[in-house]
Every structure is written in C-alpha cells, then in structure tokens.
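Below is one structure; the comments refer to it alone.
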Amino acid sequence: MTGRAGAAAPARNGCPPAALQRCPSLSQDHDLACKVMLLGDSGVGKTCFLIQFKDGAFLSGTFIATVGIDFRNKVVTVDGVNVKLQIWDTAGQERFRSVTHAYYRDAQALLLFYDITSKVSFDNIRAWLSEIHEYAQKDVVIMLLGNKADVSSERVIRTEDGESLAREYGVPFMETSAKTGMNVELAFLAIAKELKQRAVRQPDEPRFQIHDYIESQKKRSSCCSFIAEALSAH
Ligand SMILES: Nc1nc2c(ncn2[C@@H]2O[C@H](COP(=O)(O)OP(=O)(O)OP(=O)(O)O)[C@@H](O)[C@H]2O)c(=O)[nH]1
C-alpha cells in the first residue's frame, strides 16, 4: 500500500536535473513524492481536514470514525516543483494504535491535531508526541494544529495555550478549521515547501524557515470565526 512512485522524469519548471536526482521519487505527474500522516485523538477532525484539502468540501453530519488507516494523494506546486503529497489519515481510536505505529517510520511529515473544544484531545498531545519520538524518523517535520477554530462558542483551549505547547516542543503551530477551510491549504503547503527544500535545495538558496512562513501566512481564528459566524447568520 505504500506505493512509492517509480521512473525518473525529465526536470521541469526550472528545477535543475541534478537537484531532482536527489528527490525521494520521480514520476510523470510529479517531481517529488512525500508521505504525510495525520495524527490525533478520534474526532478532532483529521478526515474532514483531508477532505477539505483534497476536495474543498466539509463532511458535516454523522461522525464516522476512521477504521485503521487510509490515504489520498494530492499534487501541489511549490516554487515550480510538483510535490505529490501522499496523505495518510489514521484512526484516532486507541484500539488502532498498533496498526498506525507501523506507518510512522516512512512518514516525512506529521500533522498532529487537537480540537480546540476538547481539553482531553489537547492534554493527549504530549502522549502523541512521545509516540512520535518513539516510532517516527528523527528528522520528521511535525506541525501542531488546533482544529475546529470556527466553533468559538465552545472553545476550551486558548490560542496562547496551543502556541505555548508548540514552543515548548519547538514545532510550528496554527489553529485551523476543516469546516471553513481556514489554514488547511497553508498547513500542507508549508509541509510541501519544507520537504521540497530538503530534497532539492540549491547551495546558494537560503534555508526555508517553516515557522516564519507560517507566522507570515496564517489567518487568526478570531477573524475567521467572525466571518464564519457572519456567513452562517445569513
Ligand atoms: N465545526 C467543526 N466541526 C468539525 C471540524 N472538523 C471536523 N468536524 C466534525 O468533527 C467530527 C469528527 O471529524 P472527523 O474528521 O471524522 O474526525 P477524525 O479525527 O478523523 O476521527 P477518527 O477517524 O476517529 O480518528 C465530525 O462530526 C465532523 O463533522 C471543524 O473544523 N469544525
């Protein structure tokens, strides 16, 4: 199921052939392929986040928990390089934990979610980070995401608490909404940019700073929830 892409393709989009030779994989529709895993407690919104990114839609209504693990591909273009993100959506339920552990080792990036309306999901982030340190590669890119930022009336985790936890672990952070789409694309684009730079960085190119990029691009939940509330009122 891990399906790495195969044959080498000619360099495109101004990315020099020598640099692309170092990419983890090459094929017709993309220059570089990367594995990204979505982690976090059951119900935090991982599947909805993925569907929002892939199809631009929100799955509302009955919550159907993921069983085991599933994946979707999406190609994004960053700085002229086509990056295929193979995104693994894991089941948050404890009983599937041993299944998902097996997939950590191959992942180049991990999006770790909590739900801003659930204290338990936030408190469990430390346990998730311990698992990550146990099973994932040492240089894996980790991003902390506080999802459901559109539901401001039920918020129990302040933005500052998310920021401070992320600072403690040295990982980038933002609040997101799989419902409104707030910061969904940004999360994946930031990952794609970081992984692309690791694979094809030119000697004279400045190093990509994922923290700075996110800080400069992210939308604040207060502004977004204001807009979402205004829209839902009509
Ligand atoms: N308001 C709001 N609801 C959301 C958001 N994201 C997900 N939900 C809802 O939260 C519930 C759980 O979402 P899922 O995406 O299935 O959660 P999950 O993390 O994939 O859960 P598991 O598959 O069990 O690990 C669903 O009822 C969604 O409609 C969001 O950003 N805002």
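The values are calculated or read from the model by the stated rules, or taken from the named source; none is laboratory data. Keep in mind it's a predicted model, so treat the numbers as computed, not measured. So basically every Cβ, Gly included, is an ideal-geometry build from the backbone, and we count neighbours across all protein chains shown.
Please determine whether any residue of segment 97-114 is at pLDDT 90 or above and over 23 Å from Lys138 (Cα atoms). Scanning segment 97-114 turns up no residue that is at pLDDT 90 or above and over 23 Å from Lys138 (Cα atoms).
Output the residue which, of all residues in segment 169-206 that are more than 21 Å from Ile51 (Cα to Cα) and of a type in the set (Lys, Arg), is modelled with the lowest pLDDT.
Of segment 169-206, the ones more than 21 Å from Ile51 (Cα to Cα) are 169-172, 194-206.
This time we only want the ones that are of a type in the set (Lys, Arg), so: 196, 198, 201.
Working: Lys196: 92, Arg198: 89, Arg201: 75.
Only one residue tops the list, namely Arg201.
Determine whether segment 190-198 contains at least one residue that is within 18 Å of Trp128 (Cβ to Cβ) and among the charged types (D, E, K, R).
No: segment 190-198 contains no residue that is within 18 Å of Trp128 (Cβ to Cβ) and among the charged types (D, E, K, R).
Scanning segment 147-168 turns up no residue that is surrounded by 15 or more Cβ atoms within 10 Å (Cβ to Cβ), closer than 21 Å to Cys34 by Cα and modelled with pLDDT of 95 or more. When segment 140-160 is filtered for residues that are out of contact with any helix residue (DSSP H, G or I) (no Cβ under 6 Å at 6 or more places or on another chain), over 19 Å from Ala187 (Cβ atoms) and not small (Gly, Ala, Ser), the ones remaining, listed by number, are Glu154, Arg155, Arg158, Glu160. Number of residues in segment 132-172 that are of a type in the set (Gly, Ala, Ser), within 16 Å of the ligand (Cβ to nearest atom) and either within 17 Å of the chain's Cα centre (by Cα) or not in a helix (DSSP H, G or I) (or both) equals 3.
Within segment 41-68, if we keep just the residues that are over 26 Å from Asp123 (Cβ atoms) and of a type in the set (Gly, Ala, Ser), the residue that is farthest from the ligand (Cβ to nearest atom) turns out to be Gly56.
Checking segment 87-105 against the condition returns no match, with no residue being away from the ligand (no atom under 14 Å from the Cβ) and under 29 Å from Lys219 (Cβ atoms).
For Phe188, the conditions (1) crowded, with 22+ Cβ neighbours inside 10 Å; (2) within 14 Å of the ligand (Cβ to nearest atom) all hold with the exception of (2).
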